[in-house]
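As structure tokens, the structure follows; a few thoughts come after it.
The values are calculated or read from the model by the stated rules, or taken from the named source; none is laboratory data. Just so you know, these numbers come straight off a predicted model, no measurement behind them. Positions of Cβ are backbone-derived with ideal geometry, glycine not excepted, and every protein chain shown enters the neighbour counts.
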Amino acid sequence: MSATAQLIELDDIYAAREVMAGRVHRTPLISSAYLGQQSGVRLYFKLELFQKTGSFKARGVLNKLYHLSSAEKQKGVVTLSAGNHAQALAWAATQAHIRSTVVMPATAVRSKVAATEGYGGEVVLTAGDLLQTCLQIQQERDLTLVHPFDDPMIIAGAGTVGLEILENLPDVDAVITPVGGGGLISGVATAIKTQKTHTRIIGVEPEGAAAMSRSLQKGQPVSLEQMHTVADGLAAPFAGQHTLAHVQAYVDDMLLVSDREIIDAMVLILERCKVVAEPAAAASLAALLSGKIDLPRGAKVVCILSGGNIDRQRLKELL
């Protein structure tokens, strides 16, 4: 991780959108009257689960790879990921004829491992420390590190989600975003708060993987020794210098939700919206339905459904 935090600017996000033009989907923003009524708001979902590789991660990866030097691309790239960033990097790197290696936890969802390999990435499973294993492989093979979240280019790419939300719903009152390492909320918050200061940006973490909340309390990035959550996409073992700085600058609230609340939200999204959100994505609705967010009646609220990468067996287990 970088020793010095760097805040991106709105122009960085617009530049990232130019880089990925024609290569990612402009994902839909849909409304849900029934689910909104449960909290007295006008509710919308940003469907990043329909993005390339099944999550928002493709945006940041494309932006990062574009800015690598020829020498860095020639070396090949390496990263650490529970699954969504892994798939996005493998997909984008293969398209650019760059070799990719991904360090994933031994407990990673099998379908995410298979998808990463299917996109052309080499997967290294480890029961040890993900970051240390990744850095060791980087040094041994002389690879280029593409960080899953703590990188200004990754953050700027994720920020294009915020641009699209504002263009579709300029008078949005609040945006609720799942938080793992913080790349998504950092980019979205920058895109929105630099244009609409009154819009509330609310982050949500699982109770069993609250690295960002703990980092905010301590005023510096915190690493977690253990994580227990059904939302593997939010189980980042640490917060980053860059992402913590963005959250400190632009995010209004950070909330925690239980695994039970996340699973219940998954079921409601499936029943009422007919889309399958992975647990990490459903955390945004879980936060809204928890009653922990004080919003005026009729407020326009966007919940970002950040990904939909969940296999049938895992879905059966959770539901």
Checked Ala16, Ala82, Ala5 against criteria (touching a residue at least 40 places away in the same chain (Cβ under 8 Å), assigned to a loop (DSSP other than H, G, I, E, B) and in contact with a Lys or Arg (Cβ under 9 Å, 6 or more places away or on another chain)); the one match is Ala82
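Consider region 139-148. How many of its residues are surrounded by 19 or more Cβ atoms within 10 Å (Cβ to Cβ) and within 18 Å of Phe238 (Cβ to Cβ)?
In the first step, residues of region 139-148 are kept if they are surrounded by 19 or more Cβ atoms within 10 Å (Cβ to Cβ); the result is 143-144, 146-148.
Now drop any that are not within 18 Å of Phe238 (Cβ to Cβ), which leaves 146-148.
The qualifying residues number 3.
For region 240-247, indicate whether the set of residues that are assigned by TED's automatic domain parsing to the domain that holds Ala156 and either in contact with a Lys or Arg (Cβ under 9 Å, 6 or more places away or on another chain) or charged (D, E, K, R) (or both) is non-empty. Walk me through it before giving the result.
First, pick out the residues of region 240-247 that are assigned by TED's automatic domain parsing to the domain that holds Ala156: 240-247.
Then keep just the ones that are either in contact with a Lys or Arg (Cβ under 9 Å, 6 or more places away or on another chain) or charged (D, E, K, R) (or both); that gives none.
For region 240-247, residues assigned by TED's automatic domain parsing to the domain that holds Ala156 and either in contact with a Lys or Arg (Cβ under 9 Å, 6 or more places away or on another chain) or charged (D, E, K, R) (or both): absent.
In the set Ala33, Ala82, Ala21, Ala71, which member is of a type in the set (A, V, I, L, M), surrounded by 17 or more Cβ atoms within 10 Å (Cβ to Cβ) and on the phi < 0 side of the Ramachandran plot?
Ala82
Being within 21 Å of Ala106 (Cβ to Cβ), buried (at least 21 other Cβ atoms within 10 Å of the Cβ) and modelled with pLDDT under 95 narrows it down to one residue among Ala280, Ala209, Ala231; which is it?
Working: Ala280 fails: modelled with pLDDT under 95; Ala209 fails: modelled with pLDDT under 95.
Exactly one of Ala280, Ala209, Ala231 is within 21 Å of Ala106 (Cβ to Cβ), buried (at least 21 other Cβ atoms within 10 Å of the Cβ) and modelled with pLDDT under 95, namely Ala231.
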When Asp11 is run through (1) assigned to a helix (DSSP H, G or I); (2) closer than 13 Å to Ala158 by Cα; (3) not basic (Lys, Arg), the failure sits at (2)
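Just wondering, is there one or more residues in region 130-152 that are out of contact with any His (no Cβ under 8 Å at 6 or more places or on another chain), among the acidic types (Asp, Glu) and not in a helix (DSSP H, G or I)? Outline the logic, then answer.
Restricting attention to region 130-152, the residues satisfying the condition of being out of contact with any His (no Cβ under 8 Å at 6 or more places or on another chain) are 130-147.
Then keep just the ones that are among the acidic types (Asp, Glu); that gives 140, 142.
Cutting the leftovers down to not in a helix (DSSP H, G or I) gives us 142.
Yes.
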Exactly one of Ile192, Ile185 is buried (at least 21 other Cβ atoms within 10 Å of the Cβ), in contact with a His (Cβ under 8 Å, 6 or more places away or on another chain) and in a helix (DSSP H, G or I), and that residue is Ile185
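Which ones in region 248-284 are within 20 Å of Met153 (Cα to Cα) and touching a Gly at 6+ places or on another chain (Cβ under 6 Å)?
Of the residues in region 248-284, the ones within 20 Å of Met153 (Cα to Cα) are 248-251.
Selection gives Val251 alone.
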Within region 212-228, restricting to residues that are within 22 Å of Glu261 (Cβ to Cβ) and modelled with pLDDT under 95, the one that is surrounded by the fewest Cβ atoms within 10 Å (Cβ to Cβ) is Gln226
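Among the residues of region 86-129, count how many are of a type in the set (Val, Ile, Thr) and assigned to a loop (DSSP other than H, G, I, E, B). Steps first, answer last, please.
Here is the first cut: in region 86-129, the ones of a type in the set (Val, Ile, Thr) are 94, 98, 101-103, 107, 109, 113, 116, 123-124, 126.
If we keep only those that are assigned to a loop (DSSP other than H, G, I, E, B) too, we end up with 98, 107, 109.
So the answer is 3.
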Got at least one residue in region 174-181 being of a type outside the set (Phe, Trp, Tyr), modelled with pLDDT of 95 or more, in a helix (DSSP H, G or I) and within 21 Å of Asn63 (Cβ to Cβ)?
no
